[in-house]
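The values are calculated or read from the model by the stated rules, or taken from the named source; none is laboratory data. In this text the structure is predicted, and so the values were computed from the model without any measurement. As a convention, Cβ positions derive from the backbone with ideal geometry for all residues, glycine included, and neighbour counts pool all protein chains shown. Each accessible area value is taken on the protein alone, full model and side chains, heavy atoms only, with ligands, DNA and RNA left out. Shrake-Rupley method; radii C 1.70, N 1.55, O 1.52, S 1.80 Å.
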Amino acid sequence: MDVLLLKNIKKLGEIGSKVSVKSGYARNFLLPTNQAVLPTKANLAKVEEQKQELLKIEEEMRSKALLEQEKFNNYELSFEVNIQEEDKLFGSVTLQNVVDKLKEDGFDLPKKQVNLPSGPIKIFKDDYIATISLHTDVSVTVPIKLIKIAKSPEEISESIEVELDSDTSS
């Protein structure tokens, strides 16, 4: 199915270009979200008239994204985690945890803009990152730092025993 793009879409095309996509993608996503229109003569003429305005809006969105990108300079996500044997985490650090931490730190981003390329974090190491897409052309890579809370399973079991003892003495 051929459509006429109203926005720059990564790996698809730029404003005003006529592209061929699967009909389901066009019907269920591009057309309802006003990112594309059907390439009729009227729409072709309308898009040509509005192309400069659409490009201007797209450039404004890109410049806002670049300003937002500067806020992420020297920013690092940090999570306190419990460790069990062999550097495995109790539980995991998920995408939702990252989004919540970003909101806590003043970055109000929708979940769909944040990505954990390595998936949920389940092993303690220092080379995790989160990628944040601010615009189709602008993205940020944020390092994730894990901080150990407990050093060994013995310490964790001791703390559990202390909690149990205090519950039974009440």
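For the stretch 1-47, compute Rg over Rh where Rg is the Cα radius of gyration and Rh is the Kirkwood radius from the inverse mean 1/r over Cα pairs.
Numbers: Rg = 9.4 Å, Rh = 10.3 Å.
Value, to two decimals: 0.92.
Pick from VAL138, VAL21, VAL47: which is most flexible by mean-square fluctuation in a GNM of the chain where alpha carbon atoms under 10 Å apart are linked?
The residue with the greatest mean-square fluctuation here is VAL21.
Would you mind calculating the gained length between GLU53 and GLU86 on full extension (0.36 nm times residue separation, minus the Cα-Cα distance), in nm to one decimal? Provide the component values of the computation, followed by the final result.
Numbers: separation 33, 0.36 × 33 = 11.88 nm, distance 5.70 nm.
That pair, GLU53 and GLU86, stretches by 6.2 nm at full extension.
Please give me the summed charge of the neighbours of LEU12: other residues whose Cβ is under 12 Å from its Cβ, Lys and Arg +1, Asp and Glu -1. Each step should come with its number before you reach the end.
Values: positive: LYS7, LYS10, LYS11, LYS18, LYS22; negative: GLU14.
Local net charge: +4.
What does DSSP give for the stretch 32-154 in terms of the percent of beta bridges that are antiparallel, rounded to the nearest 5? Could the numbers behind the result be given before it?
Details: 11 of 16 bridges.
Once the DSSP bridges in the stretch 32-154 are tallied, antiparallel ones form about 70 percent.
Between THR33, ALA45, PHE79, whose Cα lies farthest towards the positive end of the dipole of the stretch 32-79 when Lys and Arg beta carbons carry +1 and Asp and Glu beta carbons carry -1, centred on the Cα centre?
Selected residue: ALA45.
May I ask you to evaluate 6.51 cos²θ - 1.76 cosθ + 1.60, the Karplus curve with θ = phi - 60°, for each residue of the stretch 112-123 and list the ³J(HN,Hα) values in order in whole Hz, giving x for glycine and proline?
In residue order, the calculated couplings are 5, 8, 10, 9, 9, x, 8, x, x, 7, 10, 10 Hz.
Of the accessible area of the stretch 16-87, with the probe set at 1.4 angstrom, what percent is carbon plus sulfur? Can you show the working numbers first?
Working: 2480 of 5200 Å².
Answer for the stretch 16-87 is 48 percent, counting heavy atoms of protein chains only.
Quick one: which residues, 5 or more positions from ILE123 or on another chain, have an amide H under 5 Å from its amide H? H modelled 1.01 Å from N in the peptide plane, none for Pro or chain starts.
Counting only residues 5 or more places away or on other chains, the set is LEU89.
Per-residue HN-Hα couplings for the stretch 34-49, Karplus 6.51 cos²θ - 1.76 cosθ + 1.60 at θ = phi - 60°, whole Hz, x for Gly and Pro?
Running phi through 6.51 cos²θ - 1.76 cosθ + 1.60 with θ = phi - 60° gives 6, 9, 7, 9, 6, x, 7, 4, 5, 5, 4, 5, 5, 5, 4, 5 Hz.
Which residues' amide hydrogens lie under 5 Å from the amide hydrogen of TYR128, considering only partners 5 or more residues apart or on another chain, with H built in the peptide plane?
ILE144
Translational diffusion coefficient of the chain at 25 °C, 0.890 mPa s, Stokes-Einstein with Kirkwood Rh over Cα pairs, in µm²/s as a whole number. Write down the numbers at each step before the final one.
On the way: Rh = 19.8 Å.
In µm²/s, the coefficient rounds to 124.
If you place +1 on the Cβ of every Lys and Arg and -1 on the Cβ of every Asp and Glu, how big does the dipole about the Cα centre of the stretch 40-103 come out, in debye to the nearest 20? Before the final figure, lay out each step's value.
Details: 10 positive and 14 negative charges, 93 e Å.
Charge dipole, the stretch 40-103, about its Cα centre: 440 debye, nearest 20.
Treating only the Cβ atoms of Lys and Arg (+1) and Asp and Glu (-1) as charged, compute the dipole magnitude of the stretch 1-136 about its Cα centre; round to the nearest 20 debye. Walk me through the intermediate numbers first.
Working: 20 positive and 21 negative charges, 190 e Å.
Dipole magnitude for the stretch 1-136 comes out near 920 debye.
So which residue, out of THR40, THR136, THR94, gets the largest mean-square fluctuation from a GNM of the chain using Cα contacts under 10 Å as springs?
Comparing THR40, THR136, THR94 in the GNM, the peak value goes to THR40.
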